[in-house]
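The structure appears below as structure tokens.
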Amino acid sequence: MKGNKTAWFCTSCGAESSKWQGKCPACGEWNTMVEERIVSDDKKSRSLTPVKLKQTRTRPQLIHEIETSDEARIKMPSGELNRVLGGGLVPGSLVLIGGEPGIGKSTLVLQNILSIRSRKVLYISGEESAKQLKMRADRIGRPNDNVYIVCETSLENIKDHIEDVDPGLVVVDSIQTIASDAIESVAGSVSQVRECAAQLLKYAKETSVPVLLIGHITKEGSIAGPKVLEHIVDAVLQFEGDRQNIYRILRSIKNRFGSTAELGVYEMCQRGLREVSNPSEMFLSQNDEELSGISIGVTMEGVRAFLIEVQALVSTAAYGTPQRSVTGFDSKRMNMLLAVLEKRVGFKLAAKDVFLNIAGGLKVNDPSLDLAVICAILSSNVDITIPNRICMAGEVGLSGEVRPVSRIEQRIREAEKLGMETIIIPRNNLKGIDTSGLGIRIVEVAKVEEAFRTLFA
């Protein structure tokens, strides 16, 4: 039958093939080809852009002829969201927010748009009914007369709703539920997600109306659907956290208008998500009792300094092969630090189980946490407590030296702000920094042995 031709698409990169192949010829991934119906010639997808705004054919311009102007960003009500976006929502941008089911993606978006008074917002829901959204809005407790709710999954009907409302912001929840009549495949397939995202991108760029997409993620933690979806959008925000934990972390994976190293912290409560303005308090236990195997390190996430608690437990191996268990830290890096402890410092840990945990559920890649990790392990091994008013920051090399780290002044000020009395830092890390106005004791060390003498002497 005419119009029922099929093709094979790669779920990873979106490449098209006329027959099934075990290995994608474009990206090289295995077992990613799925069969879908292709677009028939007699069906054309309608553009979402209103007819009055459709432009004529563009012409090539010299780069010095292009006029630029600093467009004012749209400030979102949430300061943490603004920070992750790079200062606010850029007009005409396409932003994708992904996360696990039940993590709070829809709640985050809904409580932000309910606080916007300056423009009309169109919320397109493909998963929840209007009554469900009204119940959630009532729970959040922020009445707003500028938010329009429509439950729709057809791309063509969405175009009509956009023309009727003429919104200043569009939210699509979720992109995997939207389907175009021009493509004969189910919603969420490679071709549907690609077509719908492309149409929404075209609409955003031609009208300067920002579009927020909510997307699902796979069990591996990546955005569901074709990889081309992440290439199309301007920013990809990942909403992370354990559903059993009250804290949520919003981080930027891709951002064309700002840094990808920023991080926002939220707390899930009864009336939605609450911003955590001082995340260091979240990662530090409020226990006054000092225990062995606990140290406090100063780490950086983007331009923010955090004080984070490192927990270690060293015990005699019950079986022949000792265990090495790590949560929130690189396991290979911990094995390297254990080798440094054994070779350079002389502590025999080959026959002992070592368990390491970063408190608060945060995954840390900052090498400045090395010193805190190695001190926590040693503290647990010798069963001597580290005073809870001492923190540290420093990268540990293979020869046992403590190497300088970046943004040391910011780390020291954060430690002072949270009431720390002493901070251990690498030697020669304070060059050109004025420490006269600081009310915290600074101890400089060059070797890990010097840090141990400071802590355990």
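Computed from the coordinates by the stated procedures, all read-outs in this text should not be read as laboratory data. Here the structure is a predicted model, which means the values were calculated and not measured. Methodologically, a virtual Cβ is constructed for each residue, glycine included, from the backbone with ideal geometry; neighbour enumeration extends over all protein chains shown.
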Q: Give the Debye-formula value of log10 I(q)/I(0) at each listed q (0.15, 0.19 Å⁻¹), with one equal scatterer per alpha carbon of the stretch 99-232, two decimals each.
A: -0.72, -1.16
Q. Considering every pair of different Cα atoms, what Kirkwood radius, in Å, is found for the chain?
A. 25.2
Q | Residue-by-residue Karplus 3J(HN,Hα) for the stretch 90-101, coefficients 6.51, -1.76, 1.60, Hz, glycine and proline x | A | 7, x, x, 8, 10, 10, 10, 10, x, x, 5, x
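Of all DSSP beta bridges in the stretch 118-256, what percent run antiparallel (nearest 5)? Provide the component values of the computation, followed by the final result.
Details: 7 of 22 bridges.
Of all bridge pairs located within the stretch 118-256, approximately 30 percent are antiparallel.
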Q.
Full-extension gain between residue 26 and residue 268, please, as 0.36 nm times their residue separation minus the C-alpha to C-alpha distance.
A. 82.9 nm
Q | Whole-number percent relative contact order across the chain, with pairs defined as alpha carbons under 8 Å at least 6 apart | A | 12
**Q.** Sum of side-chain charges, residue 233 neighbourhood, beta-carbon under 14 Å (Lys, Arg +1; Asp, Glu -1)
**A.** +4
**Q.** Relative contact order, percent, the stretch 75-277 [alpha-carbon distance under 8 Å, six or more residues apart]
**A.** 30
Q | Amide H contacts under 5 Å for residue 15, placed H, 5+ residues apart | A | 10
Q. Using a simple spin-label model with points 7 Å from Cα along the Cα→Cβ vector, what separation in nm is obtained for residue 245 and residue 118?
A. 3.4
Q. Just for the Cα atoms in the stretch 316-374, what are the lengths along the principal axes, largest first, rounded to whole Å?
A. 31, 25, 15
(Q) Give me Rg/Rg_expected for the stretch 304-457, where Rg uses Cα atoms only and Rg_expected = 2.2 N^0.38 Å with N residues. (A) 1.03
**Q.** Under 5 Å, built H, 5+ apart or other chain: amide partners of residue 97
**A.** 213, 214, 215, 237
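Local charge sum around residue 117 (other residues, Cβ-Cβ under 13 Å, Lys/Arg +1, Asp/Glu -1)?
Working: positive: 75, 119, 120, 142; negative: 145.
My count for the surroundings of residue 117 gives +3.
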Q. Which cross-chain or sequence-distant (5 or more) residues have an amide H under 5 Å from the amide H of residue 403, H modelled 1.01 Å from N in plane?
A. 395, 396, 397
Q | Acute angle (nearest 10 degrees) that the helix 408-417 long axis makes with the longest principal axis of the chain, alpha-carbon atoms | A | 80
Q: Tally the DSSP beta bridges in the chain and give the antiparallel ones as a percent, rounded to 5.
A: 55
Q | Label-to-label distance, nm, for residues given as residue 257 and residue 365 (7 Å Cα→Cβ offset) | A | 2.4
Q: With label points built 7 Å along Cα→Cβ from the Cα atoms of residue 336 and residue 152, find their separation and express it in nm.
A: 5.4
**Q.** Burial ordering of 24, 269, 151, fewest other beta-carbon atoms within 10 Å first
**A.** 269, 151, 24
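Output the antiparallel fraction of DSSP beta bridges having both residues in the stretch 308-444, as a percent to the nearest 5. Can you show the working numbers first?
On the way: 9 of 20 bridges.
DSSP beta bridges in the stretch 308-444 are roughly 45 percent antiparallel.
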**Q.** Cβ-based exposure ranking for 319, 247, 148, 203, in which fewest neighbours within 10 Å come first
**A.** 319, 148, 247, 203
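What does the charge add up to near residue 172, with Lys and Arg as +1, Asp and Glu as -1, over the other residues with Cβ less than 11 Å from its Cβ?
Working: positive: none; negative: 127, 152, 173.
With Lys, Arg at +1 and Asp, Glu at -1, the net is -3.
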Q: Before rounding to the nearest 500, sum -39500 (n - 2.57) across all DSSP H runs of length at least 4 in the chain and divide by the residue total; then give [θ] at 222 nm in deg cm²/dmol.
A: -7000 deg cm²/dmol
